[in-house]
Every structure is written in structure tokens, then in C-alpha cells.
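Student: Before I ask anything, let me first share the structure, which is written out below as C-alpha cells.
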Amino acid sequence: MTATPTMHASAVLVGERAVLIRGPSGSGKSRLAFDLILAGRAGQVPPAILVGDDRVHLDTSAGNLIVRPARELAGLIEIRGLGIRRIEHVGEAVVGLIVDLAAEDGERLPATEALTTRVDGVELPRIPVNLRFQPLPLIVAALTTTDGTANDRPSTDCRKGIANHISPTIATE
């Protein structure tokens, strides 16, 4: 395994792969991690369990990015309004998605190149989340839907000129 530096991030195992949540201090990493765990409990996404909150270790192995909690923070998560709480956690997981909070390139219709990133040589899907957007619905959609741009053809009557209307029955403003 090739060690990479400790990262100021949170991670949640959702189903078989972890969501690695990056962002500046105060951007909502812990909140999003707990929201994902709650979404797993509610059945909105596969079962979700904390890997690490605030700081995580990243390694690569067999072409995968592996995330582990910082030892001294394992099983702890910050819940604003309650403080530091103990919660069930796992010791490691393979990262399958990266979420960047407060991302400058988080757009309504992000550029294709914004939707992937490379960490320690491993290319992964990425969701850039601008401060104007709520991150949880984006992640739930990414985990429970498929990309429609390759198969669906936009409507030819799109008056906005950005071809985002799938059919003429959708309001076109």
C-alpha cells in the first residue's frame, strides 16, 4: 500500500463503497456524513455507517482508494448542537465517490470534467457542491439513479438554447 497524507475530511460507507466528503472547515462535512447515515436508516440509500469524521487516512491498494478513520477519532462524530457523539463505525472502506463541499465548480449542469477527480492515482466519480445547493439530495440522486445524458435526447423545441428539456411536456418558461 502507498500511504497518502491524512486528509481533513469525513467518510461514510454506503452499501459497498464509501463516500469521501471534502471541504473547508465549517462547510458541513460532519452534517452531511450524519445525513447520509440517517438516509441509510430511512432506506433512501443502502445502509450507511461512519468510517471517519473530521480526519481520515487514505491509502491505495490494488487500484482502489482506501479510507480509514484517524485512530483517535474512530467512532466519533460531531453533531452541531449536541457536541461530539459516539456512533457505530467501520475501520476501513473502499472509496467509490468523492463529494467536494463549497466547490467553485459546482454548477446546475456541471462540466463533464468536473464529475471525476484523481486522488493518489485513482480516478473516482466526484460531485462538486456549490454553497447554493443542498448536498444530500445530490448524493442520494447519484447513488440511486443513472446518468441520462448518454441515452436521452433533449427536446428540439428548447427555447433556452441549453438543451436541458427532455420532452416538450416539461415547462419551458
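Student: Ile49 label point, 7 Å along Cα→Cβ, cut-off 13 Å on backbone N: hits in the range 68-92?
Tutor: Backbone N within reach: 75, 87-92.
Student: Just to be sure I understand the model, the point goes 7 Å from the Cα along the line to the Cβ. What's the resulting Glu16 to Leu131 distance in nm?
Tutor: Those two pseudo-labels are separated by 3.9 nm.
Student: Another one. How would you rank Glu104, Glu78, going from fewest to most other Cβ atoms within 10 Å of each one's own Cβ?
Tutor: Least crowded to most crowded, the residues run Glu104, Glu78.
Student: Quick query: amide H of Ala102 versus all other amide H atoms, modeled in the peptide plane; which residues come in under 5 Å with a sequence gap of 5 or more or a different chain?
Tutor: So Ala102 has HN proximity to Val129, Leu131.
Student: Semi-axes of the range 9-75's equivalent ellipsoid from the Cα gyration tensor, sqrt of 5 times each eigenvalue, largest first, rounded to whole Å?
Tutor: 18, 16, 10
Student: Further question: Along the Cα-to-Cβ line of Val94, 7 Å from the Cα, sits a label point; which residues in the range 120-141 have backbone N less than 19 Å from it?
Tutor: 120-126
Student: Quick check: residue separation of Ala141 and Ser61 times 0.36 nm, minus the Cα distance between them. What number comes out in nm?
Tutor: So the chain would gain 26.0 nm between Ala141 and Ser61.
Student: Taking other Cβ within 10 Å of each residue's Cβ, how do Asp100, Asp54, Asp105 sort, fewest first?
Tutor: Asp105, Asp54, Asp100
Student: With the convex hull built on the Cα atoms of the range 2-144, state its orientation-averaged projected area in nm².
Tutor: Taking a quarter of the hull surface, the average projection is 8.3 nm².
Student: In what order do His8, His89 fall by count of nearby beta-carbon atoms within 10 Å, going from fewest to most?
Tutor: In order of increasing Cβ crowding within 10 Å: His8, His89.
Student: Follow-up. Distance from the Cα centre of the range 1-79 to that of the range 86-121, in angstrom?
Tutor: Result: 10 Å between the Cα centres.
Readers should treat all values here as calculations from the given coordinates under stated rules, not as data from a laboratory. Here the structure is a predicted model, which means the values were calculated and not measured. Methodologically, a virtual Cβ is constructed for each residue, glycine included, from the backbone with ideal geometry; neighbour enumeration extends over all protein chains shown.
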